[in-house]
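Enquirer: Got a structure for you, written out below as structure tokens; questions coming shortly.
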Amino acid sequence: MSRTNEWIIGRGPTQDDADLHGDIQVRVSPYSYFDAAATCHWSQVDASQTWRHTRYWNLQQADRIAALEQRVADLETVVDYLIKCPNKRHSLGAL
């Protein structure tokens, strides 16, 4: 992923690229000498626009979210296994 001040070209932003408010910055004009940018919601930007992360975006936050999503997926797999797998104590019957 890119640092906050670098412009990104060739791909649209995703939710992981947005800050806590869901915002990114888009370049106002490619001809501007200054880095003039407007802030907007990530879902309003397409792949043809030049954009960058806001200064409030945190790469570590995105990494934590991805790790939590992976942990949830792992736990869902275990829960599915426990629900679908018969309980051996009940299947043996009374001894």
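The values are calculated or read from the model by the stated rules, or taken from the named source; none is laboratory data. The structure displayed is predicted, hence computed values, not measured ones. Cβ sites come from the backbone with ideal geometry, for glycine too, and all protein chains shown count toward neighbours.
Enquirer: For the stretch 24-57, name all the residues that are free of Cβ contacts under 8 Å to residues at least 24 places away in the same chain, surrounded by 13 or more Cβ atoms within 10 Å (Cβ to Cβ) and aliphatic (A, V, I, L, M).
Expert: VAL28, ALA37
Enquirer: A follow-up question, please. Pull up the stretch 16-30, narrow it to residues that are farther than 19 Å from ALA67 by Cβ and not in a loop (DSSP other than H, G, I, E, B), then point me to the one that is modelled with the lowest pLDDT.
Expert: Looking at the filtered set, the residue picked out is ARG27.
Enquirer: Only residues that are hydroxyl-bearing (Ser, Thr, Tyr) and either out of contact with any Asp or Glu (no Cβ under 9 Å at 6 or more places or on another chain) or at pLDDT below 90 (or both): list them for the stretch 47-62, please.
Expert: Answer for the stretch 47-62, where residues must be hydroxyl-bearing (Ser, Thr, Tyr) and either out of contact with any Asp or Glu (no Cβ under 9 Å at 6 or more places or on another chain) or at pLDDT below 90 (or both): SER48, THR50, TYR56.
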